[in-house]
Each structure stands twice: as structure tokens, then as C-alpha cells.
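Remarks on the structure that follows.
The values are calculated or read from the model by the stated rules, or taken from the named source; none is laboratory data. What you see is a predicted model, and the numbers here were worked out from it, not measured in a lab. When we count neighbours, we look across all protein chains shown, and the Cβ atoms used for this are built from the backbone with ideal geometry, even at glycine.
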Amino acid sequence: MDGNSERGNFLALFPHRAMLQSRSSFVPNSHSLTHMHMYVRDVMEVDVVTVPEHATYEDVARLLHDEKISGVPVVDSGGNMVGAISEKDLFRVLYPFYRSYYESPESYTDLEAREAKIEEIRHHPVSRFMTTDISVISPDAPIMRAGAIMLARHIHRLPVVEGGRLVGIVSRANIYREILKRRLGLA
């Protein structure tokens, strides 16, 4: 049997392979996949919403609501990132800390008091509630490194920092979309 008839028999048994081969211009081959490098700078968002460290609980809650986002970097007056605040951080404040719980367990079961806590803290600066142990990434890092950090730390986004300055933000969605686009040819 010659090579063409063997190929014809193979394609007859596996017709979906013929379809893939006929669209090969849309599907990258394995050689080209090993030479495509994707970096954080290629997928990061550069128009980053931030809040100053003196912003209040209420300011941040309104911003997250209005912008339909779940978290933002917190910056000092020089634009340096000093922390981050998320919906989770804002929500966590409504519940007693461990020490408070052990000192007054009844406060944990008084759900109306937990809900009313917003009135008590609405004018407190975000610097009291923000997370300060922040993972960041360089714009020159491979996007899969950023994805690994996010998965390992159970976070949805990473601030992109260059020379100590916040230059962007990258999310799991940014990375996922770029991988689908480049590796699977999806738009």
C-alpha cells in the first residue's frame, strides 16, 4: 500500500481528523506552540481602578458596587501600592474576629448586630481592613506563572508592579482568554 491510500483508510476510520487537518491553518501545530511566549504585559489591564489608603469603608463599597468589580489595589499618596481591598475583606469586617468571638460569643449569633456593624465602620479608613501581604508580579513574567500564583493563593487577580510602581493588573480571566485565543484559535 502506498502512503496516500494508507492515509485515506485512516481518514475514513477517523473522519474528525480530516476536518481538523483541513482547518490546519486555524489550529497551531505543536512546533509553533513551543515557540509562542505569553507574558503578563501582553494580557494585563493598564487602566487600573485604585483607592487611596485614606478612603473609607463606604467609599470602597460604593466604588466596587458602581464599577462592578470585586477588589482594588490601595495606593499611598505617591502612587505606591500599599495593599488591596476586596469584597471579601469588607464582608469579613462585619463578623467578629476570633478574639472578639471568644470574649463575647453571643455577638456572633446576633445577626442583626452583624448587619448593623456597617453603620459603625462606614467611616473607618480602608487601611484598617485592607490586606497588606500582597502577591505581585512583573510584567515580564510568563502568564502561566501568574496563573500558578493565583491558583496557589486562591486569588482572582495579581497587581503588576515594575520598579516598585503599580503598572497594571492581571486576572485569571485575562490569562484564560489569551490561552484560548492563542492556543485554540478562539476569538
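Remarks
- Residues in segment 134-187 that are among the aliphatic types (A, V, I, L, M), in contact with a helix residue (DSSP H, G or I) (Cβ under 6 Å, 6 or more places away or on another chain) and surrounded by fewer than 16 Cβ atoms within 10 Å (Cβ to Cβ): LEU186 alone.
- The listed residue being surrounded by fewer than 17 Cβ atoms within 10 Å (Cβ to Cβ), closer than 27 Å to ALA113 by Cβ and at pLDDT 90 or above, out of ARG62, ARG92: ARG62
- If the condition is being among the small types (Gly, Ala, Ser) and part of a loop (DSSP other than H, G, I, E, B), then segment 155-174 contributes GLY163, GLY164.
- Given (1) at pLDDT below 95; (2) surrounded by 14 or more Cβ atoms within 10 Å (Cβ to Cβ); (3) touching a strand residue (DSSP E or B) at 6+ places or on another chain (Cβ under 8 Å), number of the condition TYR108 does not satisfy: (3)
- Hey, THR56 polar (S, T, N, Q), modelled with pLDDT of 90 or more and within 21 Å of ILE149 (Cβ to Cβ) or not: no
- Which numbered condition ALA152 fails, given (1) at pLDDT 95 or above; (2) not in a helix (DSSP H, G or I): (2)
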